[in-house]
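Student: The structure is given below, and queries will be raised subsequently.
What follows draws every value from the coordinates through simple rules; no lab data is involved. Quantities reported herein were computed from a predicted structural model and do not represent experimental measurements. Positions of Cβ are generated from backbone atoms using ideal geometry, with glycine treated the same way; all protein chains shown enter the neighbour counts.
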Amino acid sequence: MMSDQIQNNSNGKINFGDDFSMTINGKAAYGSTTFPVINPATEEVFAYAQECSSEQLDEAIQAAQKAFTSWSATPIEVRREKMLAMADAIDANIEPLSKLLTLEQGKSVTASRMEIQGGMDWLRRTAKLEIPEERKEVDGSIATVRHIPVGVVAAIPAWNYPVNLSFMKIPPALLTGNTLILKQSKFTPLAMLKIAEICRDVLPSGVFSVISSSGSIDSQMSSHPGFAKVSYTGSTATGRKIMESASKTLKHLTLELGGNDAAIVLPDVDVKNVAQTLFWASFTNSGQICVATKRIYVHEDIYEEFVKTFVAMVGTVKVGNGLDEDTVFGPVSNKPQYDRVVDLIRDSIDNRYEILAGGLPSETRGFFIPLTVIGNPPKDARIVKEEQFGPVIPIVKFKDVEEAIDEVNGVEFGLGGTIWAGNTEEGIRIAQRIESGTVWVNQFQQLAPEVPFGGRKQSGFGSEGGLEGLLAYTTPQTIWTKISK
């Protein structure tokens, strides 16, 4: 149990024992039942989370609606202060939170610490953003355009970065005057439950609630008339279901969905440097990143050198239990995702694609998959066309850049991508032709709360970050005033 693995804190910090209560209306809330949370490194149940009932969901929404009246009227400067105090309170508990996140998600403690620190950075920087107000003189009148909060927001982040993704949703919602109810994945509910507990004395009751469920209330959240907006990060299939159920009450939506991000490597690059960089772009968090590089297209002139350098990197890092100090990459986070990635590797083996490194996992405890590199599979291979979301990467040889662009754009997704070019201007020209919401040139996975991030095609719509992401939690209100003569 938790108390055996994480020592309780003292000096006024939160107690990280076995009690993982929900936070509803600023108070601890318990369900009539619980569900198990599994450590992906051991496949053992190490804690239990509360099962939120329909009645408790209603209670949380009613509390949020009541709190919305005063929170939305609170001066933005005060809302900023509360948000910054929230970040300080979480920072004071970062070490036990990091260990807890590792236990439920699998990544190393170092990676967990970086995730939580990144979430707090996003919170603090978002708190500094300004909500614009525009005044125009039009046809003898003054038109004032304000951006007002939509109401109660449902935030549903994914399990791969449960804290970071939550804090791409919480700050813009709160800054703009909304109240928010967050429900984490059943695989990774615990860190955010503790964070909500930490914040109970920081934010007014009802402003920020966190509930947990193994799935029993998921469909109710997207259809519930009490929510004005749903912000979801996860699979395209689930995003479609949320969009359908949310349509019944015309909810505002932000959907950040699947991706099959590609890298194009031109022949004029520093091959060794780019190969080593793309290794991390592909395998960080065991490949479980929405904008991880998931397929690499390398020009034939440098293909052999690139592959040699890339594969050599595999032997330099440890895949293991995230609690071990020397672990770099942990297990895949849950059994369904583990099975999916293994199926893609098995399909590649059955089709006799070249396995340059890794392959099928050994039969040991834990959802561990070796870092796997597949050499030049055909264009229509499943490992090329489908999103693997795990530690396996195909490296595809190309001769003509036009061919590579066509292949990159020839999938249903359009989230991110990278271009690697010795000539930066050429890299930018190619980037402008990639059908993705974000394209990086000679770098990867940089995001910022001041800059919008979102997808095209089946990767969703709406933005996280930037003015666009901030205003996605508002609706415009125009006030016309006649100019007196």
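Student: From the backbone phi of the stretch 89-102, what are the Karplus-calculated ³J(HN,Hα) couplings (6.51 cos²θ - 1.76 cosθ + 1.60, θ = phi - 60°) in whole Hz, Gly and Pro given as x?
Tutor: 5, 5, 4, 5, 10, 5, 5, x, 5, 5, 5, 5, 4, 5
Student: Exposure proxy check: 159, 480 ranked by fewest other beta carbons within 10 Å? Don't jump to the answer; show the numbers that get you there.
Tutor: Working: 159 21, 480 10.
Least to most surrounded, the residues fall as 480, 159.
Student: Rounded, prolate or oblate: which fits the chain, taking a ≥ b ≥ c as square roots of the Cα gyration tensor eigenvalues, rounded meaning a/c under 1.5, else prolate when a/b beats b/c? Display every interim value, and only then the final one.
Tutor: Numbers: a/c = 2.01, a/b = 1.28, b/c = 1.57.
Judged from the Cα gyration tensor, the chain comes out oblate (a/c at least 1.5, b/c at or above a/b).
Student: Here's something else I'd like to know. Using only DSSP helix segments of four residues or longer, with each worth -39500 (n - 2.57), what per-residue ellipticity at 222 nm results for the chain after dividing by its residue count and rounding to 500? Before the final figure, lay out each step's value.
Tutor: Values: 17 runs with 175 residues, N = 485.
Using -39500 (n - 2.57) per qualifying helix, the result is -10500 deg cm²/dmol.
Student: Compute the helix-to-body angle for 54-73: its Cα long axis versus the longest principal axis of the chain, expressed 0 to 90° and rounded to tens.
Tutor: Approximately 70 degrees, to the nearest 10.
Student: In whole Hz, with x marking every Gly and Pro, tabulate ³J(HN,Hα) for the stretch 80-86 from phi via Karplus 6.51 cos²θ - 1.76 cosθ + 1.60, θ = phi - 60°.
Tutor: 4, 4, 5, 5, 5, 5, 4
Student: Okay, next question. Answer rounded, prolate or oblate for the stretch 218-336, using the Cα gyration tensor with square roots of eigenvalues a ≥ b ≥ c: rounded when a/c is under 1.5, else prolate when a/b is larger than b/c, else oblate. Could you put the intermediate results ahead of the total?
Tutor: Numbers: a/c = 4.18, a/b = 1.95, b/c = 2.14.
Oblate.
Student: For the Cα atoms of the chain, what angle does the longest principal axis make with the long axis of helix 335-350, in degrees from 0 to 90, nearest 10?
Tutor: It works out to around 20 degrees.
Student: Toward the positive end of the charge dipole of the chain, about the Cα centre and with charges on Cβ (Lys, Arg +1; Asp, Glu -1), which of 149, 283, 219 goes farthest?
Tutor: 149
Student: What does the C-alpha gyration tensor say about the overall shape of the stretch 262-448? Classify as rounded when a/c is under 1.5, otherwise prolate if a/b is larger than b/c, or oblate.
Tutor: It comes out prolate by the Cα gyration axes.
Student: A follow-up question, please. Treating only the Cβ atoms of Lys and Arg (+1) and Asp and Glu (-1) as charged, compute the dipole magnitude of the stretch 302-443 about its Cα centre; round to the nearest 20 debye. Display every interim value, and only then the final one.
Tutor: Working: 14 positive and 23 negative charges, 56 e Å.
For this selection, approximately 260 debye.
Student: Can you return the lysines within cross-link range of residue 318? Criterion is Cα-Cα under 23 Å, with same-chain partners fewer than 8 residues away left out.
Tutor: Candidates past the 8-residue exclusion: 99, 107, 272, 294, 308, 335.
Student: With +1 on each Lys and Arg Cβ and -1 on each Asp and Glu Cβ, how big is the dipole of the chain about its Cα centre, in debye rounded to the nearest 20? Can you show the working numbers first?
Tutor: Numbers: 46 positive and 58 negative charges, 283 e Å.
I would put it at about 1360 debye.
Student: Could you work out the relative contact order of the chain, using alpha carbon pairs under 8 angstrom and six or more residues apart, expressed as a whole percent?
Tutor: Working: 1110 pairs, mean separation 86.1, N = 485.
After rounding, I find 18 percent.
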